[in-house]
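Asks: I have a structure I would like to understand better, so I am pasting it below and will then ask my questions one at a time.
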Amino acid sequence: MIWTRGRKVLLCPVTAVTAVFRTVPGTRGIRDVSRRRSNGLTARILIAGVNSALLDVLANELTGAGHEVIETMSGQDAYETTLSESPDMVFLEVPLPVFDGYETCRMIRNDPDIPATLPVVFLVTDDVDEKRLEKVGATGMISVVHQAYEVTDLLAAHLSPETLPGPD
């Protein structure tokens with residue numbers, strides 16, 4: 001399932017790379033890609049959630065596509081990491097400790113130090129309240145159980161061409 005506030009979704013190929021893991025205070029860590037495009041550009045993507053098995057799948061898809069992934073496990077950590085690490089995109093689960101995904105998104109949207117254009121995508125189950133997602137300023141949503149091409153499509157729709165890894 002993909003929902004993306006009226007934007008056309010494009011298909012892009014995914015390439016595999018190896019990721020390494022480094023720890024950042026207040027986060028589960030950052031996965032750095034071991035190779036980057038020749039111009040060194042890649043997207044920095046924040047994932048916040050409590051379902052570590054499903055989040056690991058998403059993190060592996062993103063690092064496999066050449067992106068840097070920052071993982072947090074609470075809404076507070078996601079908000080603070082958004083301020084300190086300036087990600088290019090944020091994925092939020094709805095159930096999060098401290099601040100839930102809705103409150104975290106609202107805080108991100110209301111903070112003048114965070115670009116209003118930052119894509120915030122929710123990882124959702126079938127019982128999501130789409131009106132509430134729109135109300136808090138979500139850019140889109142994707143099912144927590146998804147196909148890899150759906151993530152690629154979201155990246156293509158919401159990130160600039162400079163941050164999307166191309167063929168090596």
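The values are calculated or read from the model by the stated rules, or taken from the named source; none is laboratory data. As the structure is a prediction and not an experimental result, all values here were calculated from the model. Ideal geometry is used to build each Cβ from the backbone, glycine not excepted, and the neighbour counts take in all protein chains shown.
Asks: In the stretch 65-88, how many residues are β-branched (Val, Ile, Thr) and either in a helix (DSSP H, G or I) or on the phi > 0 side of the Ramachandran plot (or both)?
Replies: 2
Let's see how each residue does on (1) at pLDDT below 95; (2) crowded, with 20+ Cβ neighbours inside 10 Å; (3) part of a loop (DSSP other than H, G, I, E, B):
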{"position": "90", "(1), (2), (3)": "no, yes, no"}
{"position": "95", "(1), (2), (3)": "yes, no, yes"}
{"position": "98", "(1), (2), (3)": "yes, no, yes"}
{"position": "105", "(1), (2), (3)": "no, yes, no"}
{"position": "109", "(1), (2), (3)": "no, no, no"}
{"position": "113", "(1), (2), (3)": "no, no, yes"}
{"position": "128", "(1), (2), (3)": "yes, no, yes"}
{"position": "134", "(1), (2), (3)": "yes, no, no"}
{"position": "141", "(1), (2), (3)": "yes, yes, no"}
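Asks: A follow-up question, please. Those residues that are within 20 Å of residue 116 (Cβ to Cβ) and either of a type in the set (S, T, N, Q) or modelled with pLDDT under 80 (or both), I need them from the stretch 143-160; list them, please.
Replies: 160
Asks: In the list 100, 77, 129, which residue meets the criterion of being out of contact with any His (no Cβ under 6 Å at 6 or more places or on another chain) and free of Cβ contacts under 8 Å to residues at least 24 places away in the same chain? Reasoning before the result, please.
Replies: On the way: 100 fails: free of Cβ contacts under 8 Å to residues at least 24 places away in the same chain; 77 fails: free of Cβ contacts under 8 Å to residues at least 24 places away in the same chain.
One residue alone meets the criteria, 129.
Asks: I'd like the full set of residues that are of a type outside the set (Asp, Glu) and without any contact (Cβ under 8 Å) to a residue 60 or more places away in the chain, limited to the stretch 65-74. Even if it seems obvious, please write down each step before you answer.
Replies: As a first pass, look at the stretch 65-74 and keep what is of a type outside the set (Asp, Glu): 65-67, 69-70, 72-74.
Of everything in the stretch 65-74, those that are of a type outside the set (Asp, Glu) and without any contact (Cβ under 8 Å) to a residue 60 or more places away in the chain turn out to be 69, 70, 72, 73, 74.
Asks: Turning to a different aspect of this structure: Quick check on my filter: what residues within the stretch 60-77 are under 18 Å from residue 147 (Cα atoms) and touching a Lys or Arg at 6+ places or on another chain (Cβ under 6 Å)?
Replies: 63, the sole residue that qualifies.
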